[in-house]
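Structure, as structure tokens:
Taken together, the values in this text are just the output of simple stated rules run on the coordinates, not laboratory data. Remember, it's a predicted structure, so these values are computed and weren't measured experimentally. For neighbour counting, all protein chains shown are included, and Cβ atoms are generated from backbone atoms with ideal geometry for every residue, glycine included.
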Amino acid sequence: MDTFSMLLRNSVVGIEEKVPLVSGERRTAINFDNAATTPPFHSVMREIRNFAPWYSSVHRGAGYKSVLSSNLYEKARDTVSEFVKADAQRDVVIFTKGTTEAINLLAYKISQQDRSRVVLVTEMEHLANVLPWRFACQSDFVSVDASGRLSLEDLETKLVKYKGKVRLVAVTGASNVTGYMNPVYRIARLAHQYGAEILVDGAQWVPHCPVDMRPHQSKEHIDYLVFSAHKMYAPFGAGVLIGHKDLFQQGPPFCKGGGTVNLVTHELVDWDDSPQRDEAGSPNVMGVAALIAAIETLQCMNMNTLYEHEKQLTDYAIKGLKSVPGIKLYGEAGLAEKRVSLVSFTAEGIHHSNVAKILSYEGAIAVRSGLFCAHPYVQKLLCLSKEELQYCHEHPDEPLPGLVRISFGIYNNCREVDAFLEIIAWMMRHRRKLDEKYRCIENDADYPRWLLKPVKKRAP
Ligand SMILES: Cc1ncc(COP(=O)(O)O)c(C=O)c1O
């Protein structure tokens, strides 16, 4: 391993932890489920420990620690804003508990403004960027092609069809299923040309490459951006919504309560300005401190370099998987495709949930399997018919169709990919026997009990 890879590997917590295999052996865990959540950076944990003695209520007290906590929390908005090149004057940075809450908040604000306008979401969205719109506004889908790539032609057709009625195009920066990165600046250009705005779901985008919201006067400006800290090495529950201040200065907030007002009487409510208006209750200062430490660490490592590093790993895994008979890749439009560091596949003759179990129980490798909260997209990639979906709906006890996903963080390496490919090749050679064996273990609750015995704690 080269020095840079070693540095990246040593930047996160828990890489040497051993987990039990079905054989009774314990083996160093390999985490290929970083698209779900990443382990924390050491720098994040250090920041939490260093800040803990000074931690106090935000915006509520005149005590020294409270002032210090409030300063840290408020200054964090500038760091986040600079990280994604937002406009500090015209945009507001609202802290949420994640991408899902951020989109729900935005959907509420937009629906309050005008329910008659349309929000175009794409067929490749995570449900976090589908369901809030379905319930808040009139929404319609922009289609994807058979390999899962977004159709810009269909986007333009829909923008034309709605004759200026489209309020927002809600699109993911990168798919959590295929890893495709969308041409968000071209989409922004198109949306603006037809009088709409653009929201980019950055949950799978912001952690992997440099992001630039571009100036407000640019046709390629990203109007709204959301992302989650726990997918970028900073657990503790913070998320971000950035967007035009004007929208958030109007009307009541999504969540109402303490901290959102200047004055309340029995007769009136005088709302505070955003972001305070949009952050009801006690702010998550620890979560925000963690996010800022993660951003600073990522910046030191350089987002361009990290993108290239993860790309090498992804290309290596794709090449290896393609060489195993019976493995089918999804959204595999060639190695040149702009994508983030994840790959989805199926294994002929083995249910996706069994592949995940085999990797974990036999190889200590954590992956994700299923529909990845992107049900319509995975259904389309798997070419499931309406009848097949109806069957799934009517037979909830039967296993659902789905995919297996591996997703890399900056600390993963080719040695781990080799270990993964070895097990995959072995699994395919013994697929019938293994599928039968693992079919008896129906879900995670059946994880052999003795394997779940707590691991001995190390001395601090
Ligand atoms: C593309 C995408 N959007 C939104 C979300 C939801 O993020 P969170 O669970 O942090 O709110 C995810 C989570 O996996 C995601 O992958």
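Computed quantities for the displayed model
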quantity: Computed P(r) (all Cα pairs; the stretch 211-268; 10 Å bins; percent); calculated: 16, 34, 32, 15, 3
quantity: Debye log10 I(q)/I(0) for the stretch 45-299, one point scatterer per Cα, at q = 0.10 Å⁻¹; calculated: -0.49
quantity: Net dipole in debye of the stretch 1-112 [+1 Lys, Arg Cβ; -1 Asp, Glu Cβ; about Cα centre; nearest 20]; calculated: 320
quantity: Unit charges on C-beta of K, R, D, E only; dipole of the stretch 45-299, Debye; calculated: 120
quantity: Sum of -39500 (n - 2.57) over DSSP H runs of 4+, divided by residues of the chain (222 nm, nearest 500); calculated: -11500 deg cm²/dmol
quantity: Most positive-pole-ward Cα, 300, 230, 365, against dipole of the chain from beta carbon charges; calculated: 365
quantity: Set of lysines with alpha-carbon distance to residue 357 below 22 Å, sequence-local pairs under 8 removed; calculated: 18, 322, 328, 433, 437, 453
quantity: For q = 0.13, 0.16, 0.22 Å⁻¹, Debye-computed log10 I/I(0) when each Cα of the stretch 36-145 counts as one equal scatterer; calculated: -0.75, -0.97, -1.22
quantity: Gap separating the Cα centres of the stretch 359-380 and the stretch 122-188, nearest whole Å; calculated: 23
quantity: Tilt relative to the chain, helix 152-161 - C-alpha long axis, 0 to 90 degrees, to 10; calculated: 40
quantity: Using θ = phi - 60° and Karplus 6.51 cos²θ - 1.76 cosθ + 1.60, couplings along the stretch 390-403 (whole Hz; Gly, Pro as x); calculated: 4, 4, 4, 4, 7, 10, x, 7, 8, x, 7, x, x, 10
quantity: Against the rule of thumb 2.2 N^0.38 Å, how large the Cα Rg of the chain comes out; calculated: 1.02
quantity: FRET efficiency, 1/(1 + (r/R0)^6) with R0 60 Å, evaluated for residue 62 and residue 387 via beta carbons; calculated: 0.35
quantity: Tensor-based shape of the stretch 1-97 (alpha-carbon gyration tensor, a/c under 1.5 rounded, otherwise prolate or oblate); calculated: prolate
quantity: Cβ-Cβ FRET estimate between residue 299 and residue 143, R0 fixed at 45 Å, reported to 0.05; calculated: 0.75
quantity: Nonlocal amide H pairs with residue 91, under 5 Å, H built at 1.01 Å; calculated: 245
quantity: Net length gained if the chain between residue 189 and residue 113 were fully extended (0.36 nm per residue, minus Cα distance); calculated: 25.1 nm
quantity: Highest-first arrangement of 165-176, 21-32, 206-217, where packing means the average Cβ count within 10 Å; calculated: 165-176, 206-217, 21-32
quantity: Dipole moment magnitude, nearest 20 debye, the stretch 89-197 about Cα centre, only Lys, Arg, Asp, Glu C-beta charged; calculated: 360
quantity: Angle in degrees between helix 414-429 and the longest Cα principal axis of the chain, rounded to the nearest 10; calculated: 50
